[in-house]
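Visitor: Structure in structure tokens, see below.
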Amino acid sequence: MKVIKRDGSTVSYDRSKIAIAISKANKEVDACDKVSNEKIEEIIDSIEEKGRNRILVEDIQDIIEQKLMENEKFQLAKKYIIYRYQHELMRKANTTDESILSLIQNSNKDVMEENSNKNAVVASTQRDLIAGEVSKDLTKRLLLPEKISKAHDEGAIHFHDADYFLQSIFNCCLINISDMLDNGTVMNGKLIESPKSFQVACTVMTQVIAAVASSQYGGQSVDIRHLGKYLRKSYNKFYKALHSKYNNTVDDDTLKSMAMDRLRDELKSGVQTIQYQINTLMTTNGQSPFVTIFLYLDKDDEYLEENAMIIEEILRQRYEGIKNEKGVYVTPAFPKLIYVLDEHNCLKGGKYDYITKLAIKCSAKRLYPDYISAKKMRENYEGNVFSCMGCRSFLSPWKDENGEYKFEGRFNQGVVSINLPQIALLSKGDEDKFWSLLDERLDICFEALMYRHNSLLGVVSDVSPVHWQYGAIARLDKGEKIDKLLFGGYSSISLGYIGIYETTKLMRGVSHTTPEGEEFALKVMNKLRATTDRWKEETNIGFALYGTPAESLCYRFARIDKERFGTIEDVTDKGYYTNSYHVDVREKIDAFDKFTFESQFQTISSGGAISYVEIPNMRHNLEALEDMVKFIYDNIQYAEFNTKSDYCHICGFDGEITINDDLEWECPVCGNKDHSKMNVTRRTCGYLGENFWNVGKTKEINSRTLHI
């Protein structure tokens with residue numbers, strides 16, 4: 001049995017600690033009020049007879065008090081309660097020593113591995129992580145009611161980002177970069193005027209990204225379309241300078257060609273600025289900015305041609321990669337890229353199909369960009385096409401006082417996720433019990449989300465001027481409260497969910513890809529959506545249903561439930577729950593069928609959704625990828641490709657690792673032959689097998705024996 005302590009950590013059950021605690025209280029009462037050693041053993045036995053794999057320390061103490069009262073040992077129970085209260089005060093005095101010291105000693109793996117863009121060994125990052133441990137501690141003990149903290153610890157819900165809840169900051173946003181570039185902004189008390197060139201606009205944009213990331217905890221997204229006008233400004237500046245210099249001695253076509261040559265140089269330099277600044281700047285919380293760049297060729301955009309040039313250059317540079325410390329080109333984690341498919345670039349003979357083909361090559365080598373179908377998005381969002389926020393959550397349509405749709409300059413207040421499989425496990429196939437328990441858990445989620453919302457009420461714009469005063473979100477006055485931006489759907493607040501597949505399996509005995517399972521899964525999804533819609537109507541707050549892309553949470557929920565309910569085939573035995581509505585990775589389903597099936601859930605989960613398929617050996621499957629991209633445009637709103645790729649952990653090489661003359665894998669850059677320090681999935685002979693090594697095990701492949 002594992003015991004969950006108040007700080008959320010888990011320790012092994014130790015019956016001697018219970019005996020010691022009761023014995024200490026025993027010493028402080030008269031003989032007639034004492035409890036015998038035999039009774040102490042009986043009390044301990046009653047705890048163990050519960051047969052729990054996990055139990056909260058509070059539940060243990062409640063059982064002890066109950067048993068003492070049943071034995072009419074009222075004075076002893078009182079002493080025990082006082083003893084418990086005194087220890088509670090001691091815990092409130094200091095509860096973070098162990099977690100903070102483990103951070104400094106680089107042994108707190110849960111925290112160190114939580115975010116890919118945080119290097120937990122670096123001193124500046126450790127400062128942020130230390131603050132996060134204090135925030136989590138205060139959140140559990142003081143800021144949230146016991147009911148919510150207990151639900152989080154038991155894995156009934158997940159209160160996301162408790163390490164930032166102490167501060168008056170929000171989750172993620174769509175930066176209003178157009179306003180900040182066109183009307184200027186202020187950073188660190190210094191006025192930044194509207195740029196006069198593309199290069200300067202790129203520099204300002206990256207500085208804004210770093211400033212925004214320093215005052216929020218989630219991701220941000222930037223629409224690259226707003227750089228088009230600055231590329232034209234640079235062209236006009238070059239042309240004007242050349243025209244003045246040559247004073248009509250050179251024909252106009254030549255001048256335009258010369259201006260375009262200079263423009264291409266500036267274009268390349270500006271995009272390099274974006275890519276390298278984002279990957280080398282560190283925010284004040286010690287991490288790279290979590291940023292997404294939205295690549296949209298809007299046919300109605302005045303600067304469409306300029307934006308086509310910018311997007312093409314972004315994709316070219318992403319395809320090339322960035323050199324690591326060994327001088328090897330590697331795939332940068334940021335910025336993430338989203339490429340929009342529309343009629344003129346969906347590989348159906350459109351003008352900009354050549355850019356889409358480049359995007360596909362880039363996806364095959366660097367995994368990004370992801371793809372959004374403008375066609376499907378317009379169907380789902382009242383004719384609008386816009387980026388998700390950095391955390392892949394979507395806003396709902398919202399109109400300003402002029403009746404114009406507005407998406408940039410809006411944000412998400414925070415997320416709480418619900419563990420659906422745990423409800424099914426507790427229901428044991430009883431659907432009436434399932435729906436009743438689901439209602440109870442949703443009530444807890446609502447209460448937890450309202451704590452998120454209320455924590456932002458009354459916050460003044462001064463807490464983050466770049467957000468609230470200088471255009472990233474708004475242009476509020478100094479000292480003005482942000483409250484009006486928390487209502488009316490201007491900002492969203494999200495209910496996440498995990499494990500539709502496992503829930504269906506437990507309740508109906510089949511996958512949600514079967515007709516019977518699909519009917520139940522849709523019923524659950526529609527229930528979640530109807531609940532968030534009702535909350536939105538009742539509160540005038542932008543509640544949204546969010547298909548949480550929280551891989552670590554999939555493992556956390558499954559781990560907790562396995563310890564509590566044991567190993568259950570195709571549910572807790574895998575070590576993870578399936579993310580949101582996704583088809584389980586072990587199901588045999590065609591990629592096209594997977595996208596078709598999951599698209600119906602994306603429509604319901606309008607507050608956030610993404611689907612993906614894994615395609616092996618993508619670099620040699622470009623035609624297949626093109627077919628998938630065409631299919632995405634017509635069938636699903638938001639999708640991405642995954643693959644298993646070769647990677648050398650010593651030098652960072654991520655090309656194709658080859659087989660040497662001794663039939664061993666060898667990195668072509670550093671010569672590494674240690675299979676434990678490389679990932680190898682693509683075989684030069686064409687074999688696409690599992691990524692494992694078993695020395696001495698061989699297989700005949702194309703008349704050549706290889707170790708696999």
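The values are calculated or read from the model by the stated rules, or taken from the named source; none is laboratory data. Please read these numbers as outputs of a predicted model, since none were measured by experiment. FYI the Cβ positions are ideal-geometry reconstructions off the backbone, even for glycines, and counts take in every protein chain you see. Note: accessible area is taken over every heavy atom of the protein model, side chains too, but ligands, DNA and RNA are not part of it. Shrake-Rupley method; radii C 1.70, N 1.55, O 1.52, S 1.80 Å.
Visitor: One residue is enough: does the range 554-564 have a residue meeting the conditions at pLDDT 90 or above and closer than 22 Å to Tyr638 by Cβ?
Guide: Yes: the range 554-564 contains one or more residues that are at pLDDT 90 or above and closer than 22 Å to Tyr638 by Cβ.
Visitor: Report yes if Gly350 is open to solvent by less than 30 Å² (accessible area, probe 1.4 Å), within 22 Å of Tyr296 (Cβ to Cβ) and small (Gly, Ala, Ser), otherwise no.
Guide: Numbers: open to solvent by less than 30 Å² (accessible area, probe 1.4 Å): yes; within 22 Å of Tyr296 (Cβ to Cβ): yes; small (Gly, Ala, Ser): yes.
Spelling it out, Gly350 is indeed open to solvent by less than 30 Å² (accessible area, probe 1.4 Å), within 22 Å of Tyr296 (Cβ to Cβ) and small (Gly, Ala, Ser).
Visitor: If I filter the range 403-415 for residues that are within 22 Å of the chain's Cα centre (by Cα), assigned to a loop (DSSP other than H, G, I, E, B) and not charged (D, E, K, R), do I get at least one hit? Full working, then the answer.
Guide: First, pick out the residues of the range 403-415 that are within 22 Å of the chain's Cα centre (by Cα): 407-415.
From what's left, assigned to a loop (DSSP other than H, G, I, E, B): 407-409.
Right, trim to not charged (D, E, K, R) and you get 407, 409.
Checking the range 403-415: at least one residue is within 22 Å of the chain's Cα centre (by Cα), assigned to a loop (DSSP other than H, G, I, E, B) and not charged (D, E, K, R).
Visitor: Which members of the range 562-577 meet the condition of being among the hydrophobic types (A, V, I, L, M, F, W, C) and either assigned to a loop (DSSP other than H, G, I, E, B) or open to solvent by less than 40 Å² (accessible area, probe 1.4 Å) (or both)? First the steps, then the outcome.
Guide: Residues of the range 562-577 that are among the hydrophobic types (A, V, I, L, M, F, W, C), as a first pass: 565, 568, 571.
Ile568, Val571, listed by residue number.
Visitor: With the requirement that a residue be assigned to a strand (DSSP E or B), of a type outside the set (Ser, Thr, Tyr) and in contact (Cβ under 8 Å) with a residue 24 or more places away in the chain, what does the range 1-59 give you?
Guide: Initially, the range 1-59 is screened for residues assigned to a strand (DSSP E or B), giving 2-4, 10-12, 54-56.
Among the residues that remain, those that are also of a type outside the set (Ser, Thr, Tyr) are: 2-4, 11, 54-56.
Residues satisfying the conditions are Lys2, Val3, Ile4, Arg54, Ile55, Leu56.
Visitor: Those residues that are open to solvent by less than 70 Å² (accessible area, probe 1.4 Å) and without any contact (Cβ under 8 Å) to a residue 40 or more places away in the chain, I need them from the range 69-80; list them, please.
Guide: Asn71, Ala77
Visitor: Exactly one of (1) closer than 19 Å to Val212 by Cα; (2) surrounded by fewer than 21 Cβ atoms within 10 Å (Cβ to Cβ) is unmet by Gly458. Its number?
Guide: In the conditions (1) closer than 19 Å to Val212 by Cα; (2) surrounded by fewer than 21 Cβ atoms within 10 Å (Cβ to Cβ), Gly458 misses (1) alone.
Visitor: Quick one: in the range 151-191, which of the residues that are charged (D, E, K, R) and at pLDDT below 95 is surrounded by the most Cβ atoms within 10 Å (Cβ to Cβ)? Explain how you work it out, then say what you get.
Guide: Quick first cut of the range 151-191, residues charged (D, E, K, R) only: 153-154, 161, 163, 179, 182, 190.
Then keep just the ones that are at pLDDT below 95; that gives 153-154, 161, 163, 190.
On the way: Asp153: 23, Glu154: 18, Asp161: 20, Asp163: 20, Lys190: 7.
Among those that are charged (D, E, K, R) and at pLDDT below 95, it is Asp153.
Visitor: Any residue in the range 426-444 that is open to solvent by less than 30 Å² (accessible area, probe 1.4 Å), among the small types (Gly, Ala, Ser) and either touching a Lys or Arg at 6+ places or on another chain (Cβ under 6 Å) or on the phi < 0 side of the Ramachandran plot (or both)?
Guide: The answer is yes; a qualifying residue exists.
Visitor: State whether one or more residues within the range 350-369 are more than 25 Å from Thr578 (Cα to Cα), in a loop (DSSP other than H, G, I, E, B) and without any contact (Cβ under 8 Å) to a residue 24 or more places away in the chain.
Guide: Going residue by residue through the range 350-369, those that are more than 25 Å from Thr578 (Cα to Cα) are 350-362, 365.
Those left that are additionally in a loop (DSSP other than H, G, I, E, B): 350-352.
With the extra rule that they be without any contact (Cβ under 8 Å) to a residue 24 or more places away in the chain, the set shrinks to 350-351.
Looking for residues that are more than 25 Å from Thr578 (Cα to Cα), in a loop (DSSP other than H, G, I, E, B) and without any contact (Cβ under 8 Å) to a residue 24 or more places away in the chain, one finds at least one in the range 350-369, hence yes.
Visitor: If I ask for residues that are of a type in the set (Lys, Arg) and more than 17 Å from Leu442 (Cβ to Cβ), which ones from the range 512-564 would you list? Spell out how you get there, then give the answer.
Guide: Within the range 512-564, the subset of a type in the set (Lys, Arg) is 523, 527, 529, 534, 536, 556, 559, 562, 564.
Of everything in the range 512-564, those that are of a type in the set (Lys, Arg) and more than 17 Å from Leu442 (Cβ to Cβ) turn out to be Arg556, Arg559, Lys562, Arg564.
Visitor: Any residue that is small (Gly, Ala, Ser) and in a helix (DSSP H, G or I) - is there at least one of those in the range 464-478? Give the derivation first.
Guide: We begin by selecting, within the range 464-478, every residue small (Gly, Ala, Ser); these are 464, 471-472, 474.
Imposing the further condition that a residue be in a helix (DSSP H, G or I) reduces the set to none.
No, the range 464-478 contains no residue that is small (Gly, Ala, Ser) and in a helix (DSSP H, G or I).
Visitor: Okay, next question. Any idea how many residues of the range 493-509 are open to solvent by less than 40 Å² (accessible area, probe 1.4 Å), out of contact with any Leu (no Cβ under 7 Å at 6 or more places or on another chain) and either of a type in the set (A, V, I, L, M) or not in a helix (DSSP H, G or I) (or both)? So that I can check it myself, show each step before the final result.
Guide: Residues of the range 493-509 that are open to solvent by less than 40 Å² (accessible area, probe 1.4 Å), as a first pass: 493-504, 507.
From the residues that got through so far, the ones that are out of contact with any Leu (no Cβ under 7 Å at 6 or more places or on another chain) too are 494, 496, 501-502, 504, 507.
Still in the running and either of a type in the set (A, V, I, L, M) or not in a helix (DSSP H, G or I) (or both): 494, 496, 507.
Total meeting the criteria: 3.
Visitor: Pull up the range 564-601, narrow it to residues that are charged (D, E, K, R) and in contact with a Ser or Thr (Cβ under 8 Å, 6 or more places away or on another chain), then point me to the one that is nearest to Asn380 (Cα to Cα).
Guide: Let us first name the residues in the range 564-601 that are charged (D, E, K, R), namely 564, 569-570, 573-574, 584, 586-588, 590, 593-594, 598.
Applying the additional criterion that residues be in contact with a Ser or Thr (Cβ under 8 Å, 6 or more places away or on another chain) yields 573, 584, 587, 594, 598.
Details: Asp573: 37, Asp584: 25, Glu587: 28, Lys594: 19, Glu598: 14 Å.
If we take residues in the range 564-601 being charged (D, E, K, R) and in contact with a Ser or Thr (Cβ under 8 Å, 6 or more places away or on another chain), then Glu598 is nearest to Asn380 (Cα to Cα).
Visitor: For Lys376, only one of the following conditions fails: (1) of a type outside the set (Phe, Trp, Tyr); (2) at negative phi; (3) surrounded by fewer than 20 Cβ atoms within 10 Å (Cβ to Cβ); (4) modelled with pLDDT of 95 or more. What is its number?
Guide: It fails just one condition, (3).
Visitor: Tell me, please, whether a residue that is open to solvent by 10 Å² or more (accessible area, probe 1.4 Å) and outside any helix (DSSP H, G or I) can be found in the range 593-604.
Guide: No, there is no match, as no residue in the range 593-604 is open to solvent by 10 Å² or more (accessible area, probe 1.4 Å) and outside any helix (DSSP H, G or I).
Visitor: Mind telling me which of the residues Gln422, Gln413 ends up being of a type outside the set (Asp, Glu), under 28 Å from Asn454 (Cβ atoms) and in contact with a Phe, Trp or Tyr (Cβ under 6 Å, 6 or more places away or on another chain)? Before you say what the answer is, go through the steps one by one.
Guide: Numbers: Gln422 fails: in contact with a Phe, Trp or Tyr (Cβ under 6 Å, 6 or more places away or on another chain).
Of the residues listed, the single one that is of a type outside the set (Asp, Glu), under 28 Å from Asn454 (Cβ atoms) and in contact with a Phe, Trp or Tyr (Cβ under 6 Å, 6 or more places away or on another chain) is Gln413.
Visitor: Next question, about the same structure. Which one of the conditions (1) more than 21 Å from Asp439 (Cα to Cα); (2) of a type in the set (Asp, Glu); (3) touching a Phe, Trp or Tyr at 6+ places or on another chain (Cβ under 8 Å) does Asp593 fail to meet, given that it meets all the rest?
Guide: So Asp593 meets the others, but not (3).
Visitor: Taking Gly189 as the residue in question, decide whether it is free of Cβ contacts under 8 Å to residues at least 12 places away in the same chain and either closer than 20 Å to Glu305 by Cβ or over 20 Å from the mean Cα position of the chain (by Cα) (or both). Lay out the reasoning, then the answer.
Guide: On the way: free of Cβ contacts under 8 Å to residues at least 12 places away in the same chain: yes; either closer than 20 Å to Glu305 by Cβ or over 20 Å from the mean Cα position of the chain (by Cα) (or both): yes.
For Gly189, the condition - free of Cβ contacts under 8 Å to residues at least 12 places away in the same chain and either closer than 20 Å to Glu305 by Cβ or over 20 Å from the mean Cα position of the chain (by Cα) (or both) - is met.
Visitor: Right, next: Mind telling me which of the residues Ile589, Ile541, Ile568 ends up being within 23 Å of Glu640 (Cβ to Cβ) and not acidic (Asp, Glu)? Even if it seems obvious, please write down each step before you answer.
Guide: Values: Ile541 fails: within 23 Å of Glu640 (Cβ to Cβ); Ile568 fails: within 23 Å of Glu640 (Cβ to Cβ).
Matching residue, one of Ile589, Ile541, Ile568: Ile589.
Visitor: Would you confirm whether any residue within the range 172-182 is in contact with a strand residue (DSSP E or B) (Cβ under 8 Å, 6 or more places away or on another chain), more than 22 Å from Tyr490 (Cβ to Cβ) and not in a loop (DSSP other than H, G, I, E, B)?
Guide: No - not one qualifying residue is present in the range 172-182.
Visitor: A further question follows. Give the residue, chosen from Ser234, Ser288, that is within 26 Å of the chain's Cα centre (by Cα) and of a type in the set (Ser, Thr, Tyr).
Guide: Going through Ser234, Ser288 in turn, just one is within 26 Å of the chain's Cα centre (by Cα) and of a type in the set (Ser, Thr, Tyr): Ser288.
Visitor: Looking at the range 380-402 only, could you name the residues that are among the charged types (D, E, K, R), without any contact (Cβ under 8 Å) to a residue 12 or more places away in the chain and open to solvent by 60 Å² or more (accessible area, probe 1.4 Å)? Walk me through how you get there before you give the answer.
Guide: If we filter the range 380-402 for residues that are among the charged types (D, E, K, R), which is where we start, we get 382, 392, 399-401.
Right, trim to without any contact (Cβ under 8 Å) to a residue 12 or more places away in the chain and you get 399-401.
Scanning the range 380-402 gives Lys399, Glu401.
Visitor: Give the number of residues within the range 513-561 that are outside any helix (DSSP H, G or I) and either under 23 Å from the mean Cα position of the chain (by Cα) or without any contact (Cβ under 8 Å) to a residue 40 or more places away in the chain (or both). Reasoning before the result, please.
Guide: We begin by selecting, within the range 513-561, every residue outside any helix (DSSP H, G or I); these are 513-514, 540-550.
Now narrow it down to the ones that are either under 23 Å from the mean Cα position of the chain (by Cα) or without any contact (Cβ under 8 Å) to a residue 40 or more places away in the chain (or both): 514, 541-550.
So the answer is 11.
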